[in-house]
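Data first, discussion second: the structure below is written as structure tokens.
The values are calculated or read from the model by the stated rules, or taken from the named source; none is laboratory data. All of these numbers come straight from a predicted model, not from anything done at the bench. Cβ placement follows ideal geometry from the backbone for every residue including glycine, while neighbour counts extend to all protein chains displayed.
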Amino acid sequence: MKWIWEGIQQAFQLIVYGNPEVFQITLLSLKISGLATFLSLLVGLPLGTLMAFGKFPTRKFWVSLINTGMALPPVVVGLTVSIFLWRSGPLGDLRWMYTPTAIIIAQFIISVPVVTGLTTSTLQQLDPRLSYQLMGLGASRIQSVILLWREARLPLLAALMAGFGSVISEVGASMMVGGNLKGETRVLTTAIVLENSKGNFGFAIALSLILLGLAYMVNLFLTIAQQRTTSSD
Amino acid sequence: MATILKAEKITLVRNQKKVLSVEHISIEEGELLAVIGPNGAGKSSLLMALSTLLPVTEGTIFFEGKQIRKSDRLKFRRQISMVMQDALLLDTTVRENIGTGMRFRGKNESEIKQSVKYWSDQLNIEQLLSRKSRQLSGGESQRVSLARALAADPKILFLDEPFSALDAPSRVRLISDFQRLQSENKVTTLLVTHDLDEALLLGDRVAIIIAGRIRQIGRPDQVFTQPADLEVAQFVGVDTIIPGVVQSNTHGLAVVSGDGFQVEVVAEVPVGRKVFVILRPEDITLVQQIPAGKTSSRNLLKGEIKELIPQGPLMRVILDCGFPLVALITRSSAIEMDLTAGMLLYASFKASTAHLLARKDEKEQQFA
């Protein structure tokens, strides 16, 4: 059991002395997952708003589809993206397979339903008369939507964080479409899998601690925002 | 007064159900039109339709003489304001909330500041300006909502039961302040309420809506004393509705008789016409004995007290005069007269306070 303690010690040394590889992997993970989440926000926020307030016949069908998408298995996404980006696939000419772009696409597909679904449910929880009240004061549709987003800013932030959480911690899709190439597509989760299989537990624990730290910071940020709102009541 | 808003032959269908069918309604500049009706009558739907927040299924709405088309709706809504039953304030400061409507209209910050100061002062909420909306009481929130609506300088103010969610003291104070502001500013207002007293107190005209249809529009006293039909009569608080037949009519004084009674009513009605005699409870005077001298009251009916129902400072007395007759007197009078169930009394009322309405089996119409 000594090796477990040695692994933890090694992990702390790697983090404290700023190991360049650990730093590079962490930065790449943040870049890829951050960009994927940002893109899912650009799509998910308006789409979720449309699902919440739109009046069209197939709305319920689309909402249920999005809700199903919230539990989309990352390996299925990885497989689908791989098929499309494979050299002989429909988008093979783009040469995106085993690049950060491929991981961003896969993570975007994973986080879009999360951001969209949570945006929908958040906005549906607002008082439906608020929208009429704003329009009754002269708001255009866009002005009204922006104010409704502002009213729901905290749960919407939570939706965004949930989207980020779902992609920073996934491994299946990143492994399949990124290939875990050192210095190019190796992110925290794929690196942990690799180092674990090599028996390099110190490195794996170091990366796991960073991943846990990121998850904690996301939650801390949310809690602070929540407490600030609550304390102003 | 010029007509500022007019709707012709409008219908509104929601969830495959026709909730509104209004032949004609108009609001004159500077007036307060109170729309009253029972729950589910279509009051709020009418307000939403006239404010274009819910597009009408059929019909046309005109603002200042011009038809409001789909492309004109935003422009129109930037000339109106709205206050709903709940304040529905934004999660920000009172100051920001009051300026909301003005910001939608693209006013500059100095105009907004000036207007916020003026209306917060008018509604006695200047001390709340820096507070968050969530820190306000119900009464304060509704004052902010009213200030927000008025600060936008609307040509028409739409009020959807703005006082009904408040506790009694807050409600009385806000109604009083609103009445003062209304008399000073003469903002054209459409007020939707289910409260008859509110409509009587605030309305220049009153519209009664039942089952999605406007059944009567007129001055409050006219609507309350001369209801257009039985349902309106029941809604405006007429408890005594007696069927009878006109026996004679001399110099505009009709004699109506029914099952064991005969009353005189000021009305021009042909002899033989089947009618309902409509009596408001507050128009009936109760006496223990037949008055000794002459009285101007043309009608005196003997009855037995069936029930006494306390109603705040008043007492509702239900008499059996061969038909149920309801009188509303003060509690003090009830105590002084020592009223108890089973006691015999006389109910008197003037011929001019009763109102006749043709029965359904006849052609329904009012008689002046």
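Here are the numbers:
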item	result
Residues that are among the aliphatic types (A, V, I, L, M) and closer than 21 Å to A:GLY136 by Cα, drawn from the stretch B:101-129	B:MET102, B:ILE112, B:VAL116, B:LEU123
Of all residues making up the stretch B:134-170, the number that are touching a Phe, Trp or Tyr at 6+ places or on another chain (Cβ under 6 Å) and free of Cβ contacts under 8 Å to residues at least 12 places away in the same chain	0
Selection count where residues are in a loop (DSSP other than H, G, I, E, B) and more than 11 Å from every other protein chain (Cβ to nearest Cβ), scope the stretch B:99-151	8
Test: residue in the stretch B:335-347 that is within 29 Å of the chain's Cα centre (by Cα), among the hydroxyl-bearing types (Ser, Thr, Tyr) and either modelled with pLDDT of 90 or more or part of a strand (DSSP E or B) (or both)	no
Number of the condition not met by B:ILE27 [criteria: (1) crowded, with 16+ Cβ neighbours inside 10 Å; (2) more than 26 Å from B:GLU184 (Cβ to Cβ); (3) within 18 Å of the chain's Cα centre (by Cα)]	(2)
Check on A:LEU72, away from chain B (no Cβ under 14 Å), crowded, with 18+ Cβ neighbours inside 10 Å and at pLDDT below 95	yes
Count - residues of the stretch A:1-19 that are part of a helix (DSSP H, G or I), of a type outside the set (A, V, I, L, M) and more than 17 Å from A:LEU194 (Cβ to Cβ)	7
Verdict on B:PRO169 being within 14 Å of chain A (Cβ to nearest Cβ) and either assigned to a loop (DSSP other than H, G, I, E, B) or more than 23 Å from B:MET48 (Cβ to Cβ) (or both)	no
Hits in the stretch B:58-77 - residues which are more than 14 Å from chain A (Cβ to nearest Cβ) and small (Gly, Ala, Ser)	B:GLY59, B:GLY65
Some residue of the stretch B:144-152 being among the hydroxyl-bearing types (Ser, Thr, Tyr), more than 19 Å from the chain's Cα centre (by Cα), buried (at least 20 other Cβ atoms within 10 Å of the Cβ) and closer than 27 Å to B:ARG95 by Cβ	yes
Residue check, B:PRO55 in a loop (DSSP other than H, G, I, E, B), surrounded by fewer than 20 Cβ atoms within 10 Å (Cβ to Cβ) and within 14 Å of chain A (Cβ to nearest Cβ)	yes
Residue list for the stretch B:86-121, restricted to those being touching a Lys or Arg at 6+ places or on another chain (Cβ under 9 Å) and of a type in the set (Phe, Trp, Tyr)	B:PHE104, B:TRP119
Test for B:ARG219: is it of a type in the set (Lys, Arg), within 19 Å of B:LEU5 (Cα to Cα) and touching a residue at least 60 places away in the same chain (Cβ under 8 Å)	no
Test result for B:VAL287, touching a residue at least 60 places away in the same chain (Cβ under 8 Å), β-branched (Val, Ile, Thr) and surrounded by 18 or more Cβ atoms within 10 Å (Cβ to Cβ)	no
Given (1) surrounded by 12 or more Cβ atoms within 10 Å (Cβ to Cβ); (2) within 24 Å of the chain's Cα centre (by Cα), number of the condition A:SER64 does not satisfy	(1)
Helices (runs of 4 or more DSSP H) contained in the stretch A:96-191 and holding at least 3 residues within 14 Å of chain B (Cβ to nearest Cβ), buried (at least 24 other Cβ atoms within 10 Å of the Cβ) and in contact with a Pro (Cβ under 6 Å, 6 or more places away or on another chain)	none
Members of the stretch B:1-38 that are of a type in the set (S, T, N, Q) and free of Cβ contacts under 8 Å to residues at least 60 places away in the same chain	B:THR11, B:ASN15, B:GLN16, B:SER26
Filter result for B:ARG280 (surrounded by 13 or more Cβ atoms within 10 Å (Cβ to Cβ), among the basic types (Lys, Arg) and in contact (Cβ under 8 Å) with a residue 40 or more places away in the chain)	yes
Counted residues, the stretch B:78-98 - those being of a type in the set (Val, Ile, Thr), more than 27 Å from the chain's Cα centre (by Cα) and either within 9 Å of chain A (Cβ to nearest Cβ) or not in a helix (DSSP H, G or I) (or both)	2
Members of the stretch A:152-202 that are touching a Phe, Trp or Tyr at 6+ places or on another chain (Cβ under 9 Å) and of a type in the set (Ser, Thr, Tyr)	A:THR185
